Protein chains: 2
Amino acid sequence: DHLIICGFGHSGQSAAHEAVARGTPPAAVLVLDVDDARLAAAAECGYIGLRGDATREHDLADAGIERAGAVLICLDRDDSAVLAVLTVRQLNKTVRIVCSVSEEENIKLIRQAGADAIIAPAIVGGYLMADSMQSSLIADYIEDLMRSDGRVRLIERLARADEIGKPMRDIGPGLIVRLHRGEQRIGFWEAEAGIVRAGDRLIEIEPRTTPVHR
Amino acid sequence: DHLIICGFGHSGQSAAHEAVARGTPPAAVLVLDVDDARLAAAAECGYIGLRGDATREHDLADAGIERAGAVLICLDRDDSAVLAVLTVRQLNKTVRIVCSVSEEENIKLIRQAGADAIIAPAIVGGYLMADSMQSSLIADYIEDLMRSDGRVRLIERLARADEIGKPMRDIGPGLIVRLHRGEQRIGFWEAEAGIVRAGDRLIEIEPRTTPVHR
Ligand SMILES: [Ca+2]
Ligand SMILES: [Ca+2]
């Protein structure tokens, strides 16, 4: 159940470090890259470095693709990314594939190729730039939410038995910001629908500093 | 008080659209780019396109840099970005400069050159990829927070008179997630410090759907 990172550029490195910060052991991170300097950088972090190309079946097989828990594809080119997604999906029907994309118009293609989640860093970067036009506080907060260090983090979890029947606003010490019930997304401002039911998935801002109760 | 976007690649386009979604009139967006196809794309969105190079004083002067409200620098290369920031800052000491950077190691340099806010899309993309390893709900929520469309948005505002003396958790209909008091950042879980004071800046998740009160 290891994590395969295809491409150890900036996105791949940042994804690997964040995965480790969230609890993946460094020795369970396998970096597949064609570049020796990047593989050396991966080894320095305690990750397993494997020289290879994520668009080649043989190299993915060497990376143990059939027993991987998740595959993050962070290649420089979208055409390589599409190929990598197709190849990974062919070798493992169920593994979770997260893929980075440069061009918005390739998102559809990559989804069609079999990716479960697609991230477009350039587009997201643009949102954060617009968020920073007046002040940096919004972008700073969003970065804190995304990263597991800092003061808060955003997590997803199943409703606990003692939370059922409560309005989502009354749950603590974290803040429940959204609730998923089947296909429904329920906001904290929805009085009736916002009463927690069994099976609901909660999106919670969790304080990383333990609250001090006096 | 127009907005200058230097570089109309994916980040520049996404920043421009988001700025407009937040209220900047399209006619107040000036796109500076050397590429004619990109300038045509800018014109199609109702922005002013100006052929030019953001590292050249003359071109920035043509873009009205001395009366700009903000400058977003979204160039492909970090060395160009550093030069652009230096040149903009030389021509306008006070304009807000937001700059996109590829390499983490260049963040310091760009700050030193005079940028007020720096966004590293590749790094941020890596965080979101790690956030998507189990499910897409977290990354989806973060994207909704960043963008002004969708169901919620994250805003920053001054505490209102009627909020002073209240615990931040009791303020509604939005959720106050953080409070800035001078240099202090106060979390929603901090019972005593979390009482709103005059002059506090609030970070709020604002519902975009008006709540229905029956
Ligand atoms: Ca955090
Ligand atoms: Ca939104």
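The values are calculated or read from the model by the stated rules, or taken from the named source; none is laboratory data. None of the values given here were measured: they were computed from a predicted structure. Counting neighbours? That spans all protein chains shown, and the Cβs are built from the backbone with ideal geometry, glycine included. Please note that ligands, DNA and RNA were not included when accessible areas were found on the heavy atoms of the full protein model with its side chains. Shrake-Rupley method; radii C 1.70, N 1.55, O 1.52, S 1.80 Å.
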* Filter result (within 13 Å of the chain's Cα centre (by Cα) and either of a type in the set (A, V, I, L, M) or open to solvent by 30 Å² or more (accessible area, probe 1.4 Å) (or both)) within region B:116-136 -> B:116, B:117, B:118, B:119, B:120
* **Spans of helices (runs of 4 or more DSSP H) in region A:1-68 with at least 3 residues open to solvent by 30 Å² or more (accessible area, probe 1.4 Å) and within 12 Å of another protein chain (Cβ to nearest Cβ)** => A:10-21
* Restricting attention to region A:131-153, which residues are touching a strand residue (DSSP E or B) at 6+ places or on another chain (Cβ under 6 Å) and within 15 Å of ligand 2 (Cβ to nearest atom)? -> A:138, A:141, A:145
* Asked: Does any residue of region B:81-100 turn out to be farther than 21 Å from residue A:144 by Cβ, modelled with pLDDT under 95 and more than 7 Å from every other protein chain (Cβ to nearest Cβ)?
  -> no
